Amino acid sequence: QVIRSEGTEGVKFRLSGKGVDQDPKGIFRINEMNGDVSVTRTLDREAIANYELEVEVVDVNGNTVDGPVRLDVSVIDQNDNRPMFKEGPYVGHVMEGSATGTTVMRMAAFDADDPSTDNALLRYNILKQTPTKPSPNMFYIDPEKGDIVTVVSPALLDRETMESPKYELVIEAKDMGGMDVGLTGTATATILIDDKNDHAPEFTKKEFQATVKEGVTGVIVNLTVGDRDDPATPAWRAVYSIINGNPGQSFEIHTNPQTNEGMLSVVKPLDYEISAFHTLLIKVENEDPLIPDIAYGPSSTATVQITVEDVNEGPVFHPNPMTVTKQENIPVGSVVLTVNATDPDTLQHQTIRYSVYKDPAGWLEINPTNGTVGTTAVLDRESPFVQNNVYTALFLAIDSGNPPATGTGTLHITLEDVNDNVPSLYPTLAKVCDDAKDLRVVVLGASDKDLHPNTDPFKFELSKQSGPEKLWRINRLNNTHAQVILLQNLKKANYNIPISVTDSGKPPLTNTTELRLQVCTCKKSKMDCSASDALHISLTLILLSLLSLFCKSF
């Protein structure tokens, strides 16, 4: 009630402010005559805890006579809000074997009531634990702080012996300081017992057996282990190592990521003739180190007995490839070399026979018993089957096993050049006008399939010219070229000019070639050779080419 000491005759009270004529409007009202202030509906402290109003006295015309005076209204809290857990889900982790009293997590609830009153004074309690083994009271919650801690001994907090590594606690928060009249709210806390590496991996067997054929690589055996730690964690994943019996690094072992087995592989082919048995000592560990009071024991090592099976291996040529140097044109039946192949299967006492595998030019044969390679044809360095002066052939060595095994040997024959090719002349046709002023008819070139020094410099010569007059001459330009020059203009006709060219070999070889010279009529830059007379002159060829062939045969 608002009281005015001067009385209220002829005046009235007026109320204003938030909750009266300002939003939220109409919550409070005042009796204009006696000043009683009242509420029109239920108040909610959690919405608005305080209202600041003003009261004034006005006359009949509404003019202010007294005031305004401030009127503060405080809403007294009632316990009408339950505690709430707003930050879920609540998940905590604790390492297995942790000491008693280890803090796992904190639960925090919220109460919308006045924090300065017991209406918001919370206390925490564990209502239920699932599962209840190995103890129904594995955890304790601080009633004031909400901290959840372990209350069992480290031995009971053993992940591998638990029914489940996950516990669910129903947590209750009660206001009014936990009194019976208090309101409550609940939430579920999930606690996961984390694994630590407190169990060493152990092989399922002390000894494993494997069999592998010699010359073969790949996985030969899978080694199995057991580990009681949490699968797919570093405390469970296995790391294998070969600690003895692998001096040649012929074996490797890797972990199968799906099964955790050790995959033992041969990475370098084994040789039965060197060793038919191998014994490996394998050790297994975890990616994570073991905890200090746990150690790897005898079951963390195992022996692998490997038996190597004999395989009929093909003979091996020594050396391979084989190289030899021979002159071309050596007589048919000449010995090139004797090949040598041995059988790696020294314990089987097998025989070896030889055969030709690839002989592109068909020049060679091999004795099937002793491996002597001979010629069946003339070796020609200029053959298209010879590349960079080297002829290549392949031979087989076949043992007497069942089934027989084969080895391949490569023979490279380097052929030395012999002067066995006469030089050739080009071009063999030339044309000239019958009234030409430049009588240099053509530049001739010479080539030879042989190698230096059996090629250039070449010697160019004209065969002896018949008749009273000489009609042309030849001039040497360099080691490989010469020029034919007319000594006078000739009548329109076809002329054959015998030209001999000789190489620089020892002995030299000569080839005589006829150069066909067409003398044509030339008018207005057009050359007409179609009406040339029949052969006007033909010089007798000197039979030097026959002489060359004769020399070649000797």
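Here is the list for segment 278-343: GluC sites (Glu not before Pro) lying in DSSP coil, each with at most 15 other C-beta atoms within 10 angstrom of its C-beta, are GLU287. The residues of the chain present an accessible area of 55 Å² per residue when probed at 1.4 Å with all protein chains retained.
Compute the angle between helix 544-553 and the longest alpha-carbon principal axis of the chain, please, reported from 0 to 90 degrees and rounded to the nearest 10. Here the helix axis deviates by roughly 70 degrees.
An ellipsoid equivalent to segment 336-385, defined through the eigenvalues of its Cα gyration tensor, has semi-axes of 29, 10, 8 Å when rounded to whole angstrom and sorted largest first. For VAL266, what charge total do you get from the other residues with a beta carbon under 13 Å from its beta carbon, if Lys and Arg give +1 and Asp and Glu give -1? That works out to -2. In order along segment 192-205, phi translates into HN-Hα couplings of 9, 8, 7, 7, 10, 7, 10, 9, 7, x, 9, 5, 6, 9 Hz, rounded to whole numbers, per the Karplus curve 6.51 cos²θ - 1.76 cosθ + 1.60 with θ = phi - 60° and x for Gly and Pro. Spacing of the modelled spin labels on SER5 and GLN209, each 7 Å from Cα toward Cβ, amounts to 11.8 nm. Partner aspartates and glutamates whose Cα lies under 17 Å from the Cα of LYS166, excluding those fewer than 8 positions away in the same chain, are identified as GLU96, ASP158, ASP194, ASP195, ASP229, ASP230. Full extension of the chain segment joining THR117 with SER400 gains 91.3 nm, where the gain is 0.36 nm per residue of separation less the Cα-Cα distance. Each Cα pair under 8 Å and six or more residues apart adds its separation to the average, and for the chain the resulting relative contact order is 7 percent. Counting Lys and Arg as +1 and Asp and Glu as -1 over every other residue whose Cβ lies under 14 Å from the Cβ of GLY35, the net charge comes to -3. On segment 84-194, 52 percent of the accessible area sits on carbon and sulfur atoms, based on a 1.4 Å probe. If you take the beta carbon distance between ARG228 and GLN348 as r and set R0 to 45 Å, what does 1/(1 + (r/R0)^6) give as a FRET efficiency, to the nearest 0.05? Efficiency, from the Cβ-Cβ distance: 0.35. Would you calculate a helix-derived [θ] at 222 nm for the chain, using -39,500 (n - 2.57) for each DSSP H run of n ≥ 4 and dividing by the full residue count, to the nearest 500? It comes out at -500 deg cm²/dmol, rounded to the nearest 500. Residue separation of HIS318 and ASP293 scaled by 0.36 nm, minus their Cα-Cα distance, works out to 2.9 nm of gained length. Calculate, for THR259 and LEU281, the FRET efficiency according to 1/(1 + (r/R0)^6) with r their C-beta to C-beta distance and R0 22 Å; round to the nearest 0.05. Taking R0 as 22 Å, the efficiency between THR259 and LEU281 is 0.50. Could you work out, for segment 313-472, what percent of all Cα-Cα pairs fall into each 10 Å distance bin, beginning at 0 Å and stopping at the bin that holds the largest distance? Taking every Cα pair in segment 313-472, the percentages come to 9, 27, 20, 14, 11, 9, 6, 3, 1, 0. Within a straight-line Cα-Cα reach of under 19 Å, LYS268 can be paired with the following aspartates and glutamates, leaving aside sequence neighbours fewer than 8 residues apart in one chain: GLU214, GLU252, GLU309, ASP310, GLU313, ASP345.
Please report the antiparallel percentage of DSSP beta bridges with both residues in the chain, rounded to the nearest 5. Taking every DSSP beta bridge within the chain, about 80 percent pair in antiparallel fashion.
Taking amide H as placed 1.01 Å from N in the peptide plane, TYR357 has its amide H under 5 Å from the amide H of LEU394, PHE395, LEU396, each at least 5 places away in sequence or on another chain. Taking the chain, how much of its Cα-Cα pair set, in percent, is spaced more than 40 angstrom apart? I get 70 percent for the Cα pairs in the chain exceeding 40 Å. Note on segment 424-525: percent of Cα-Cα distances in each 10 Å bin, starting at 0 and stopping at the bin with the largest distance, equals 15, 45, 27, 11, 2, 0. Listed by chain and number, the lysines whose alpha-carbon sits under 25 Å from that of LYS25, ignoring those within fewer than 8 places in the same chain, are LYS12.
Note on VAL39 and GLU309: their simple-model spin labels are 9.6 nm apart, each label 7 Å out from Cα toward Cβ.
Taking the square roots of five times each eigenvalue of the Cα gyration tensor of segment 11-74, the equivalent ellipsoid has semi-axes of 23, 11, 9 Å, listed largest first. A cut-off under 13 angstrom between Cβ atoms defines the neighbours of LYS459, and their net charge, with Lys, Arg +1 and Asp, Glu -1, is -3. How much of the accessible area of segment 219-310, probe 1.4 Å, is carbon plus sulfur, in whole percent? Carbon with sulfur: 53 percent of the solvent-accessible area.
Divided by 2.2 N^0.38 Å, where N counts the residues, the Cα radius of gyration of segment 97-178 comes to 1.26. Go ahead and run the numbers for FRET between ASP180 and LYS86, Cβ-Cβ distance against an R0 of 22 Å, rounding to 0.05. That gives a FRET efficiency of 0.30.
Label point of ASP271 set 7 angstrom out along Cα-Cβ; within segment 211-244, amide nitrogens under 12 Å from it belong to 215.
A crude spin-label estimate for the pair ALA47 and THR130, with each label 7 Å from Cα along the Cβ direction, gives 3.9 nm.
The values are calculated or read from the model by the stated rules, or taken from the named source; none is laboratory data. Note that the coordinates shown come from a computational prediction; the quantities given were computed from them, not determined experimentally. A quick note on method: Cβ atoms are made from the backbone with ideal geometry, for glycine too, and the neighbour counts reach across all protein chains shown. The accessibility values were calculated without ligands, DNA or RNA, using every heavy atom of the protein model including side chains. Shrake-Rupley method; radii C 1.70, N 1.55, O 1.52, S 1.80 Å.
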